[in-house]
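No lab work stands behind these numbers, since they all come straight from the coordinates. Not measured: the values here are computed from a predicted model. Neighbour counts are summed over all protein chains in view; Cβ atoms, including those assigned to glycine, are modelled from backbone coordinates with ideal geometry.
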Amino acid sequence: MKYIDIVIVGGGQAGLAMAYALKRINLDCIILDENSETGYSWRNRYDSLELFTPKAYSRLYEHNYVGDEREFPTKNDVALYLKEFKKSKNLKVMYGEKVIKVSQKANRNYTIVTHNSTIEAHQVIVATGAFYTPFIPDIHDASIPITLHSANYRNANQIPEGKILIVGGGNTGVQIAAELSSTHEVHLSISKEPKRISTTLLGKSIFWWFDKLQILKLKPNTILGEKLRKAEPLIGHDFVTVLNSVSIHGKLEEISNKVAYFKGKSSLEPDAVIWATGYKNDYSWIKVENALDIDQKPNHHQGISSISGLYYIGLSWQRNRASGLIHGVTEDAEFIAKHIDKNLNTRRNK
Ligand SMILES: Cc1cc2nc3c(=O)[nH]c(=O)nc-3n(C[C@H](O)[C@H](O)[C@H](O)COP(=O)(O)OP(=O)(O)OC[C@H]3O[C@@H](n4cnc5c(N)ncnc54)[C@H](O)[C@@H]3O)c2cc1C
């Protein structure tokens with residue numbers, strides 16, 4: 001069995017930032033990624049996706065994008081940027097390696113199993129993304145033939161004529177609703193009143209203000225952090241388009257026999273449904289005792305597992321609001337790298 005000191009599972013922005021943070025303190029690691037190229041998860045999102053964070057707030061370390069840093073990058077700009085970051089920092093990624101099992105040996109090292117290989121490592125860092133495994137609530141009977149998750153939506157050509165129901169009033173649902181409203185009859189189901197904010201304020205990016213007001217540093221267990229977690233704002237002007245050209249319904253209660261029933265007793269017979277209902281990640285491949293909590297979510301504090309040698313990076317609200325965004329991952333990677341380094345030094349000095 002091959003031995004590597006540190007294995008990172010997942011080579012998106014979080015895995016890359018983590019590998020670079022380790023490299024900066026001379027710790028060697030390898031990234032295992034199930035896909036075939038860097039930037040795949042961005043490239044694979046819907047065609048018109050433009051980030052709500054400007055280039056200045058969408059970068060890793062001080063690595064810049066080409067062009068004006070006030071511009072909003074497209075998903076392909078980010079995919080290219082990550083490829084470029086990986087190349088310029090000379091980071092090692094093994095592609096086509098889906099990790100199917102991580103377990104712990106008696107000597108406390110980890111065994112990492114992919115379809116192609118088995119690796120032993122002293123430390124494992126999970127960077128598989130907070131928005132990777134699509135989630136559809138179990139409130140429908142599959143009676144509507146065209147049903148897809150927003151993760152599989154690409155563009156309007158994919159969607160047949162007729163009434164389209166989009167479920168979910170977050171940034172993704174609203175963006176897709178605005179886009180489809182120019183070609184289709186669109187209905188949007190939202191469970192709570194959205195809070196909309198503009199991308200700029202007094203000539204500055206809203207992220208500049210967030211940064212200055214320390215909003216991106218809000219911690220999950222503070223009163224303001226809790227409030228923001230429960231009601232993420234809609235960023236940009238798509239909701240204005242939606243208000244003018246989309247029929248808005250309350251929370252979807254169920255779809256049965258081709259009819260969608262909403263809170264407040266309204267109903268609709270849609271021809272297609274797009275679920276913009278978010279993601280729920282699957283960590284069932286982590287077979288380490290007590291690594292997951294009762295809900296099968298990582299047991300961790302700020303990305304550090306209670307199990308020695310196991311870490312996470314890129315979780316939503318891992319340390320603060322910015323943790324699940326590109327902008328926040330650099331600081332989180334530095335934090336984890338320092339922790340790993342400290343532990344290794346303690347071990348060496350024993
Ligand atoms: C529609 C959408 C829009 C967003 N817009 C913004 C924005 O404007 N600004 C912003 O800052 N953030 C945005 N985000 C949030 C976040 O920045 C992205 O989700 C980003 O892709 C997260 O990066 P990541 O590296 O944590 O995960 P991912 O990019 O999802 O990468 C995870 C990697 O892990 C690999 N992987 C997963 N499971 C395994 C396994 N078992 N074995 C091996 N490899 C595995 C995958 O192949 C993938 O390469 C957006 C997210 C979504 C969904």
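Provide the net charge surrounding G162, with neighbours chosen by a C-beta distance below 14 Å and charges set as Lys +1, Arg +1, Asp -1, Glu -1. Once positives and negatives cancel, what remains is -2. Between D295 and E120, the modelled label-to-label distance comes to 3.7 nm, taking each label 7 Å out from Cα in the direction of the beta carbon.
Dimensions of region 53-127 along the principal axes, based on C-alpha atoms and rounded to the nearest Å, stand at 52, 22, 21, largest first. With Cα atoms as the point set, the radius of gyration and Dmax of region 235-350 evaluate to 21.8, 68 Å.
In the neighborhood of T330, defined by Cβ-to-Cβ distances under 10 Å, what is the net charge if each Lys or Arg adds +1 and each Asp or Glu adds -1? Net of charged neighbours comes to -3.
Can you tally the lysine pairs in region 67-142 where the Cα-Cα distance is under 19 Å and the two residues are eight or more apart, or on different chains? Final tally of qualifying lysine pairs is 4.
The slack between K350 and L243, meaning 0.36 nm per residue of separation minus the straight C-alpha distance, is 32.1 nm. Using a Debye calculation, one point per C-alpha and no hydration shell, please list log10 I(q)/I(0) for region 201-260 at q = 0.15, 0.20, 0.21 Å⁻¹ in order. Those come out to -0.74, -0.94, -0.96, one per q. When shorter helices are ignored and each DSSP H run of at least 4 residues is given -39500 (n - 2.57), the per-residue value for the chain at 222 nm works out to -7500 deg cm²/dmol. About its Cα centre, the chain has a charge dipole of approximately 1320 debye under the convention of +1 per Lys or Arg Cβ and -1 per Asp or Glu Cβ, with nothing else charged. Applying 1/(1 + (r/R0)^6) with r as the Cβ-Cβ distance of V259 and S36 and R0 = 45 angstrom yields a FRET efficiency of 0.60. Mean silhouette area of the chain, derived from the convex hull of its C-alpha atoms and averaged over all directions, reads 19.5 nm².
When the trypsin sites (Lys or Arg not before Pro) in region 235-311 are filtered for DSSP coil states and for at most 10 other beta-carbon atoms within 10 Å of their beta-carbon, the remaining sites are K265. Straight-line cross-link reach from K219 at under 19 Å between alpha-carbon atoms covers these lysines, not counting any fewer than eight positions away in the same chain: K227, K230, K297. Applying the Karplus relation 6.51 cos²θ - 1.76 cosθ + 1.60 with θ = phi - 60° to region 39-46 yields 3J(HN,Hα) values of x, 4, 5, 6, 4, 7, 8, 4 Hz, where x marks Gly and Pro. Taking label positions 7 Å along the Cα-Cβ direction at both E331 and S308, the computed distance is 3.0 nm, reported to one decimal.
The ellipsoid that matches the Cα gyration tensor of region 149-263 has semi-axes, each √(5λ) in whole angstrom, of 30, 18, 12, with the longest given first. Remark: spin-label model distance N44-D5 equals 3.1 nm, labels positioned 7 Å along the Cα→Cβ axis. Extension gain for S266 to K195 (0.36 nm times residue separation, less C-alpha to C-alpha distance): 23.2 nm.
Just to verify a number: FRET efficiency for R24 and I136, C-beta to C-beta distance, R0 = 56 Å, to 0.05? Efficiency, rounded to the nearest 0.05: 0.90.
Give the separation of the Cα centroids, region 236-258 to region 103-169, in Å. Using only Cα atoms, the two centres lie 24 Å from each other.
The length gained on full extension between H339 and A156, counted as 0.36 nm times the residue separation minus their Cα-Cα distance, comes to 61.2 nm.
Scaled against the 2.2 N^0.38 Å expected of a compact globular protein of N residues, the Cα radius of gyration of region 24-83 reads 1.27. Near N171: Cβ cut-off under 10 Å, other residues only, Lys/Arg at +1 and Asp/Glu at -1. The net charge is -2.
As a size descriptor, the averaged projected area of the C-alpha convex hull of region 1-123 was calculated at 8.3 nm².
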